[in-house]
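In what follows, a single structure is set out as structure tokens and then discussed.
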């Protein structure tokens, strides 16, 4: 029995050290998966000092809420005033552009009318010349 155990231990030791079954030694650094940082699509606006103070002191909640709402309304109206100014400027630019385009269109319309009038005058002149030729032919008997 001892011989059998000794024989298996020797076989195991020689088998592990043989060329085919060398122990694996990792010489390169193992790199773990690092997920990419995600882009921030939306972030809530930062609270002002005014809002932080009233969140930390909830004793005067009604007054604090009213003050917060008035502060927010002031911020919104200020933003709206900026937006309205910019919108008015864009509207003025668009109106100027529309006036220029209308002027161009009316000018083209005038040119088209002049061309039509010239064509009608040419037709009238052609008709007059044809009548004069016919009169001359009748007079001279050609």
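Are any of the residues in region 85-107 out of contact with any strand residue (DSSP E or B) (no Cβ under 8 Å at 6 or more places or on another chain), within 30 Å of residue 49 (Cβ to Cβ) and either modelled with pLDDT under 95 or not in a helix (DSSP H, G or I) (or both)? Quick ask: steps written out before the conclusion?
Just the residues of region 85-107 that are out of contact with any strand residue (DSSP E or B) (no Cβ under 8 Å at 6 or more places or on another chain), to begin with: 85-107.
Filter once more, keeping what is within 30 Å of residue 49 (Cβ to Cβ): 85-86.
Remaining after also requiring either modelled with pLDDT under 95 or not in a helix (DSSP H, G or I) (or both): 85-86.
Yes, that holds for at least one residue.
Here are 68, 6, 11: which of them is at pLDDT 80 or above and surrounded by 10 or more Cβ atoms within 10 Å (Cβ to Cβ)? Please lay out each step first, then the result.
Numbers: 6 fails: at pLDDT 80 or above; 11 fails: at pLDDT 80 or above.
Sole residue among the options that is at pLDDT 80 or above and surrounded by 10 or more Cβ atoms within 10 Å (Cβ to Cβ): 68.
The values are calculated or read from the model by the stated rules, or taken from the named source; none is laboratory data. As the structure is a computational prediction, the values presented were derived from the model and not from experiment. Please note: Cβ atoms are built from the backbone with ideal geometry, for glycine as well, and neighbour counts cover all protein chains shown.
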